[in-house]
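Asks: One structure coming up, written as structure tokens, with questions to follow.
The values are calculated or read from the model by the stated rules, or taken from the named source; none is laboratory data. These numbers were taken from a predicted model, which means no experiment stands behind them. Here the Cβ positions follow ideal geometry from the backbone for every residue, glycine too, while neighbour counts run over all protein chains shown.
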């Protein structure tokens, strides 16, 4: 789905760039930095108040938890409606002005030692969170180009995690001090946050004609109905809800350990989240890869199970053991590593799911769609809290985390198996080859096209799949689909099997019909017009299939040439392919060269063969 027009000149200029800017350069732009500071300072204040209340008795924690959850249940839908209906920058300023008043109430509650005022402030902060979350996710795509969204979300999420950690530590540290000291940082940051919100560039209303509905349940039903009608998956919202629920469950479990141990273990897991966010953005050059989601969830399964079966119960028993007596044990560092890895794997879910919601959802429904995710979190948070307290000090919590993560991984793979396999392909190829790229600006970022390439080896399609950022549906010999392992991979990668007219004319016609359908849906089709792998290193005669495809469905044809695979383990230069292990070379250089798109009326097999031969040059 196309992005809505950005409402800032800087973003318009950036939208035409083929590559995303360097991650931290976004912090130097006026279209991102004010929102970044507004979000961070608000997160710090919420964590500050929660951290200051944590040392309270267990009898007070339960009502505080309820006061925090209720606004997230009742108000996210109306918050999403407001984010879609009104100008978003002005709405952000209004919310930050309210935050100053809320922190004033919290400060008064600490000074007067009034539990009622503190509960009131906590509930109001949760209300502001319910209103600001849909607003934040709806405003970001209006200020950033699509290739910047991964970086923007990574910075916002990483900064939020750091702010939450700093705020909670500050609140816990100030909890033992005279009450007058606790509200001062919160009030100061609320004022600074309001000043930052005044610099957020304008973000026009996405659906100004929207009629407000104040019934939260009917609002949720409307969003679900919209998602079904527009074929927008609800899975990203469920995945995001799981991330925050699993994180809350984990932190609630760690909170019941001794103070110093809890602080260390919580910090390790949150640092893992920050590292995972920055790593996933860096790995994919600013593009969010949905294929990371099942991989991240599978990683959560592995490390949660290790915690369930290996972590010492003494480390989880409330206050039983101090950190000073644990640092000399291997178990302590193993648990620390598992928690760090859990954070990294969780971030692999978070970033692509955020971007998928923002890109796939229509602009006029973004706020309400995100509000549904907030509602789902609020529904599941009490369950997670009950589980955490029922299994207090037990490693069974990690077994539950592993089971739920397994379900998320299986659902994500079933939802978009081809994207998962594409990510694994990228990881495998870049681990064994140095892939050079030229002319990739000629591959359209959106819309249909046919990619044609010379056929040098048995891994040509895998190399191309790993190099090109968009998913490609390759047309492939039907016999490959029948092989036990490789066939499974290609079937789940949505390749299109084809046979000759002599072998199976019905399959041949079905393949051309599927190609036409995919092109009409705006997908990329990959072809090797030679129809077979070269035995000589020279390009074989291009067959007529590509001409028929562009004649039936006129789309651009993008010529490509692979270099460096002739003579490799997977080629036929020295006899049967894959028969001489000595030809395997680690980090061998492979190059994929892309030429200018050829209009469909010029896409004859003869002309395309000339272009591909020229792109290949003398290097095979």
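Asks: Identify, from the list 537, 575, 547, the residue that is assigned by TED's automatic domain parsing to the domain that holds residue 461, free of Cβ contacts under 8 Å to residues at least 24 places away in the same chain and either part of a loop (DSSP other than H, G, I, E, B) or buried (at least 19 other Cβ atoms within 10 Å of the Cβ) (or both).
Replies: Values: 537 fails: free of Cβ contacts under 8 Å to residues at least 24 places away in the same chain; 547 fails: free of Cβ contacts under 8 Å to residues at least 24 places away in the same chain.
After ruling out the rest, the residue left standing is 575.
Asks: Quick one: residue 529 ticks every box in (1) surrounded by 19 or more Cβ atoms within 10 Å (Cβ to Cβ); (2) without any contact (Cβ under 8 Å) to a residue 60 or more places away in the chain; (3) within 20 Å of residue 551 (Cβ to Cβ) except a single one, so which number is it?
Replies: Residue 529 satisfies all of (1) surrounded by 19 or more Cβ atoms within 10 Å (Cβ to Cβ); (2) without any contact (Cβ under 8 Å) to a residue 60 or more places away in the chain; (3) within 20 Å of residue 551 (Cβ to Cβ) except (2).
Asks: Would you mention how many residues in region 114-148 are more than 30 Å from residue 204 (Cα to Cα) and either surrounded by fewer than 22 Cβ atoms within 10 Å (Cβ to Cβ) or under 27 Å from the mean Cα position of the chain (by Cα) (or both)?
Replies: Going through region 114-148, the residues more than 30 Å from residue 204 (Cα to Cα) turn out to be 114-122.
Restricting the remaining residues to those that are either surrounded by fewer than 22 Cβ atoms within 10 Å (Cβ to Cβ) or under 27 Å from the mean Cα position of the chain (by Cα) (or both) gives 114-117, 119-120.
Selection size over region 114-148: 6.
Asks: Further, regarding this structure: Could you tell me whether any residue of region 508-517 is assigned by TED's automatic domain parsing to the domain that holds residue 438, more than 28 Å from residue 423 (Cα to Cα) and either touching a helix residue (DSSP H, G or I) at 6+ places or on another chain (Cβ under 6 Å) or at pLDDT below 90 (or both)?
Replies: no
Asks: Only strands (runs of 3 or more DSSP E) wholly contained in region 401-487 count here; list those with 3 or more residues that are modelled with pLDDT of 85 or more, surrounded by fewer than 18 Cβ atoms within 10 Å (Cβ to Cβ) and not assigned by TED's automatic domain parsing to the domain that holds residue 380.
Replies: 433-438
Asks: Please give the number of the condition residue 56 fails out of (1) within 27 Å of residue 166 (Cα to Cα); (2) modelled with pLDDT of 90 or more.
Replies: All conditions are met except number (2).
Asks: Provide a single number: the residues in region 376-400 that are in a helix (DSSP H, G or I) and over 22 Å from residue 297 (Cα atoms).
Replies: Filtering region 376-400 down to residues in a helix (DSSP H, G or I) leaves 376-390, 396-400.
Narrowing further to those that are over 22 Å from residue 297 (Cα atoms): 382, 386, 389-390.
Going through region 376-400 one residue at a time, the tally reaches 4.
Asks: Just to be sure before I move on: is residue 562 touching a strand residue (DSSP E or B) at 6+ places or on another chain (Cβ under 7 Å) and either outside the structural domain of residue 438 (by TED's automatic domain parsing) or at negative phi (or both) in the structure I sent?
Replies: Working: touching a strand residue (DSSP E or B) at 6+ places or on another chain (Cβ under 7 Å): yes; either outside the structural domain of residue 438 (by TED's automatic domain parsing) or at negative phi (or both): yes.
In short, yes.
Asks: A further question on this structure: Could you list, in sequence order, all residues of region 248-279 that are modelled with pLDDT under 85 and either within 15 Å of residue 350 (Cα to Cα) or within 14 Å of the chain's Cα centre (by Cα) (or both)?
Replies: First, pick out the residues of region 248-279 that are modelled with pLDDT under 85: 248-266.
Once the filter is applied, which keeps residues that are modelled with pLDDT under 85 and either within 15 Å of residue 350 (Cα to Cα) or within 14 Å of the chain's Cα centre (by Cα) (or both), region 248-279 yields only 248.
Asks: Among (1) over 30 Å from residue 415 (Cα atoms); (2) in contact with a strand residue (DSSP E or B) (Cβ under 6 Å, 6 or more places away or on another chain); (3) surrounded by fewer than 21 Cβ atoms within 10 Å (Cβ to Cβ), which single condition is residue 514 missing?
Replies: It fails just one condition, (1).
Asks: Could you please give the count of residues in region 198-239 that are under 13 Å from residue 362 (Cβ atoms), in a helix (DSSP H, G or I) and out of contact with any helix residue (DSSP H, G or I) (no Cβ under 9 Å at 6 or more places or on another chain)?
Replies: Residues of region 198-239 that are under 13 Å from residue 362 (Cβ atoms), as a first pass: 206-207, 210, 223, 226-227, 229-232.
Still in the list and also in a helix (DSSP H, G or I): 223, 226-227, 229.
From what is left, the residues that are out of contact with any helix residue (DSSP H, G or I) (no Cβ under 9 Å at 6 or more places or on another chain) are 229.
Adding up the residues that qualify gives 1.
Asks: Would a scan of region 375-385 turn up a residue that is touching a helix residue (DSSP H, G or I) at 6+ places or on another chain (Cβ under 8 Å) and either in the same structural domain as residue 134 (by TED's automatic domain parsing) or modelled with pLDDT of 90 or more (or both)?
Replies: Yes, region 375-385 contains a residue that is touching a helix residue (DSSP H, G or I) at 6+ places or on another chain (Cβ under 8 Å) and either in the same structural domain as residue 134 (by TED's automatic domain parsing) or modelled with pLDDT of 90 or more (or both).
Asks: If only one of 561, 499 is at pLDDT 95 or above and either within 18 Å of residue 473 (Cα to Cα) or crowded, with 21+ Cβ neighbours inside 10 Å (or both), which one is it?
Replies: Working: 499 fails: at pLDDT 95 or above.
Of 561, 499, the one residue that is at pLDDT 95 or above and either within 18 Å of residue 473 (Cα to Cα) or crowded, with 21+ Cβ neighbours inside 10 Å (or both) is 561.
Asks: A follow-up question, please. Out of 187, 210, I need the residue that is closer than 19 Å to residue 117 by Cα and either at pLDDT 90 or above or not assigned by TED's automatic domain parsing to the domain that holds residue 136 (or both). Which one?
Replies: Numbers: 210 fails: closer than 19 Å to residue 117 by Cα.
Answer to the selection: 187.
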